[in-house]
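Comments concern the structure below.
Nothing in this text is a laboratory measurement; each read-out follows from the coordinates by a stated rule. All values derive from a computational prediction rather than experimental measurement. Note that each Cβ is placed from the backbone with ideal geometry, even for glycine, and that neighbours are counted across all protein chains shown.
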Amino acid sequence: MFMAYLVLSTFCLVALGYPQLLDALGITYTDWPHHVPESMFVMIYLLSVVLCLAVGIMMSYHLWSISWGETSVEGQDHAVYVKRAASRGETFVNSYDLGRLKNLQLFFNIGESGYPLYTLLFPFRISPYTDGRAWARRDGYERHHGVRRGEELTDEEDEED
């Protein structure tokens, strides 16, 4: 959510500060009535443009990855699993991918499986849907399909007895 707030705030500065940018650059030939020097406003404006684009792209990538039900590390692992499964004539199926909308609802703990949408806007203390060790999986899947035991790149830690 902090990425979304940053993108929104920098977008507002860029959209609403455009006339002041023209004044600061001397294009409109008006006096600069503000306390901030023109050069500083231009630098702040350019920084806001860059931050809005960079953080917006990063936020989009993370939301896309969440909607597929994978982390950055798992995304790299799954690319390898797809190739290995295809070489055997099998199909790799991510057991944690419950569908794009359901993955986003579970991640943000909203919708039919969680709390109302407005809980994203306020810092309410709410319980997560999981204990942090067990995550929701597709029905009938206890592990990924197309990956055999011992082929996992990020193996679960062995429990010591």
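Pull up all non-local amide H partners of residue 145: gap of 5 or more, or a different chain, and H-to-H distance under 5 Å with H placed in the peptide plane.
93, 95
What percentage of all Cα-Cα pairs in the range 1-93 are separated by more than 19 Å?
On the way: 2547 of 4278 pairs.
So the pairs more than 19 Å apart make up 60 percent of the total in the range 1-93.
Taking the Cα centre as origin and putting +1 on Lys and Arg beta-carbons and -1 on Asp and Glu beta-carbons, what dipole magnitude results for the chain, to the nearest 20 debye? The partial results should precede the final answer.
On the way: 12 positive and 21 negative charges, 126 e Å.
The calculation lands at about 600 debye.
Before anything else, pin down the relative contact order of the range 1-139: Cα pairs under 8 Å, at least 6 apart, normalised by residue count, whole percent.
20 percent
Could you work out how far apart the two model spin labels at residue 5 and residue 119 are, taking each label as a point 7 Å from the Cα in the direction of the beta carbon, and quote it in nm?
1.9 nm
Quick one: if the Förster radius is 35 Å, what FRET efficiency do residue 71 and residue 25 give, using the C-beta to C-beta distance and rounding to 0.05?
Given R0 = 35 Å and the Cβ-Cβ separation, E is 0.20.
Using a ≥ b ≥ c from the Cα gyration tensor of the chain (square roots of the eigenvalues), is it rounded, prolate or oblate, where a/c under 1.5 gives rounded and otherwise the larger of a/b and b/c decides, a/b for prolate?
The shape class here is prolate.
Taking the alpha-carbon centroid of each part, what is the distance from the range 49-68 to the range 108-141 in angstrom?
Between the Cα centres of the range 49-68 and the range 108-141 lies a distance of 21 Å.
Sketch the reach of a paramagnetic label on residue 152 as a point 7 Å from Cα along Cα-to-Cβ, and name the residues of the range 60-76 whose backbone nitrogen lies under 16 Å away.
Flagged as within label range: 70-71, 73-76.
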